[in-house]
Amino acid sequence: MANDDVIAAIATAPGRGGIGVIRVSGGDLRGLAQGVLGKVPPARVATLAYFLGDDLAPLDQGIALYFPAPRSFTGEDALELHGHGGPAVLQLVLRRCLALGARLAEPGEFTKRAFLNGKIDLAQAEGVADLIDAASAVAARSAMRSLQGVFSGAVRSLADRLVELRMLVEAAIDFPEEEIEVLQQEAARQKISDLQAQLLQVLRTARQGILLREGLQVVLIGRPNAGKSSLLNRLAGDEVAIVAPQPGTTRDAVRESIELEGIPLHIIDTAGLRETRDEIEQLGINRTWQAIEKANVALLVIDADQNPGTSDQDIMGRLPPGLPVIRVYNKIDLTGEGPQLTRRESGTEIRLSAKTGDGVELLHREMLAIAGWQPSGEGLFMARERHLRALGKAAHHLDCAQADWGQVELLAEELRLAQDALGAITGEFSADDLLGEIFSRFCIGK
């Protein structure tokens, strides 16, 4: 899908740097290259050149790289100008490119053109943005696997097996007088079962990819003076929250992000939950319940030096259904107990000391377990919420296919819908508004 429309942008981050890159892509760029360089550089050869203004006076000197279509990132003619990284000189060279017929690129437009021209699929394109945004080494490696096509390959493997099964089903519909032996056998149903198992494995891996990208929202709740702020400080490794013996010290949410095994944990220390007539404290308590509604995990902090009270049970009773809760019995340094993790029907209990750090490693491991994290990050790829929805939709249609086994037409339709859902991940079936939403979140120049 060649595009004669020429786009240009500064591809390096704002600010001063040793090197700044201007990227140009579009139809035939030989005229633009002649105008800005005074020559057309040889293909795919780093060429030292002056970057010229409209009066042919040098604006800068650097390296020019010319990639004729289709052997470029975008699949179009592409030109990269690697000059000095000062904002003023980069703007001068960019304005020169615009004067020669280019227009300013929109966010993500270079990667969007790569997708539209078949150089990468949609999951790989999203991997580009995820690689740029990666906040940890594990996330960066996983995003790179997505960019290399690991996720896309898993999805295409599912789609290929679906196509094979659809061919058999469609043949049974089109040629009812013929005996399509495979549909008469239990092996055909087993094919769908195998597909479901394979899809479930991809879905599990995608959920871990979501964690790498978005992290886990963890909220600290409990009665005043149970040690929530001390636990936040211990988890964060810094004095980020005020700790005082007076109950009600924390009036508003205190937020801190940490990283465990490459997963960002966004921890929120909240106001102690109790009955109060203090209007300011009550505002903090209201915000605590708002934070709980958005959390992925709740840590109910209980003073181990005191017996759990009815208020702790009241807090548990008000928590949203399905929210994972870890009861954290803090202050074992006062009770003389050792660190301990206990699993009960009512949930997990961990005894620790936020003051000394004893038992905090147990809490780390339990939070990761609740998140579904596996110790080895090998083979992980980055994923997004829309990928989970698409995989879930495909799984739903496979379930329906099993249920509709005796009705060939319905079976064929469910298999088709499952394939469409998988195609939305790689972009084989994507609405234009979805593409606009995805690429608008990219950097300009990418």
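The values are calculated or read from the model by the stated rules, or taken from the named source; none is laboratory data. Just so it is clear, the model here is predicted, and its values are computed rather than measured. For neighbour counting, all protein chains shown are included, and Cβ atoms are generated from backbone atoms with ideal geometry for every residue, glycine included. These area figures cover heavy atoms from the full protein model, side chains too; ligands, DNA and RNA do not enter into them. Shrake-Rupley method; radii C 1.70, N 1.55, O 1.52, S 1.80 Å.
Taking the Cα-to-Cβ direction at residue 132 and at residue 417 and moving 7 Å from each Cα, how far apart do the two end points lie in nm? For residue 132 paired with residue 417, the spin-label model returns 3.7 nm.
Once R0 is set to 30 Å, what does the formula 1/(1 + (r/R0)^6) return for the Cβ-Cβ distance between residue 396 and residue 323, expressed as a FRET efficiency to the nearest 0.05? Taking R0 as 30 Å, the efficiency between residue 396 and residue 323 is 0.80.
Given the pairs 119/294; 39/446; 191/393; 119/191; 393/446, which are separated by over 29 angstrom at their Cα positions? Those over the limit are 119/294; 119/191; 393/446. Note on residue 91 and residue 34: the extension gain reaches 18.6 nm, defined as 0.36 nm multiplied by sequence separation minus the Cα-Cα distance. The calculated FRET efficiency for residue 358 paired with residue 259, based on their beta-carbon distance and R0 = 25 Å, is about 0.70. Between residue 444 and residue 410, the simple spin-label model (points 7 angstrom out along Cα→Cβ) gives 5.5 nm. Modelled spin labels at residue 57 and residue 345, positioned 7 Å past Cα toward Cβ, are 8.6 nm from each other.
Roughly how many percent of the accessible protein surface of region 39-99 is carbon and sulfur, given a 1.4 Å probe and a whole-percent answer? The C+S portion of the solvent-accessible surface of region 39-99 is 64 percent. State whether region 28-163 is rounded, prolate or oblate according to the following rule on the C-alpha gyration tensor (a ≥ b ≥ c being the square roots of its eigenvalues): a/c under 1.5 gives rounded; otherwise a/b larger than b/c gives prolate, and the remaining case gives oblate. It comes out prolate by the Cα gyration axes.
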